[in-house]
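Here, each number is a calculation from the coordinates, and none is a lab measurement. Bear in mind the structure is a predicted one, so any value in this text is a computation, not a measurement. Here the Cβ positions follow ideal geometry from the backbone for every residue, glycine too, while neighbour counts run over all protein chains shown.
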Amino acid sequence: MPHLKFSRNGFVASPEKLAEKVSIFPKELKILNDLYDVYRLYVNFFLPSAKLIYKVGTGAKVRKHYDTPQTPYQSLMASESVPEEVKYSLQEQFNNLNPAALKKEIDRLNGRPRRANSNKTKLRSDNDDCSIGVAWIYS
């Protein structure tokens, strides 16, 4: 099943795009897909972002005016171009989500890439001809 991609402030993220950029083993891609499945729900339903409405330039100064921060879910629900069936489906999905449980699952899954990478590093030190793997960076 292909994954839906989410956009946050103009950046589209997906494990497949990451896999194109770096060398990822199939096991690591599975870990990223599991994390992405939970993370996209958290971002799309619970993390608001402010959209830039317009900029006003006066000399060297630029004033930016933003809309009220909304989650992508709230934006879709407010849109008149989205069919009612889709809104109903999203409302059902939203009602079944728990942001605290999603965050806890994200934190749990975030440890898996580190463990997979540390195992790969240990194996690499035993076998010098292994290819270079992925460096996992989390802030």
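Taking neighbour Cβ counts within 10 Å as the exposure measure, how do ILE53, ILE106 sort from fewest upward?
Starting with the residue having the fewest Cβ neighbours, the order is ILE53, ILE106.
List, in the order given, every pair from LYS61/LYS103; LYS55/LYS103; LYS30/LYS103; LYS27/LYS87 whose Cα-Cα distance in the structure shown is over 31 Å.
Working: LYS61/LYS103 39 Å; LYS55/LYS103 34 Å; LYS30/LYS103 19 Å; LYS27/LYS87 35 Å.
Result: LYS61/LYS103; LYS55/LYS103; LYS27/LYS87 exceed 31 Å.
Pull out a ≥ b ≥ c, the square roots of the eigenvalues of the alpha-carbon gyration tensor of the range 30-79, then state rounded if a/c is under 1.5, prolate if not and a/b is larger than b/c, and oblate in the remaining case.
Details: a/c = 4.99, a/b = 2.13, b/c = 2.34.
The shape class here is oblate.
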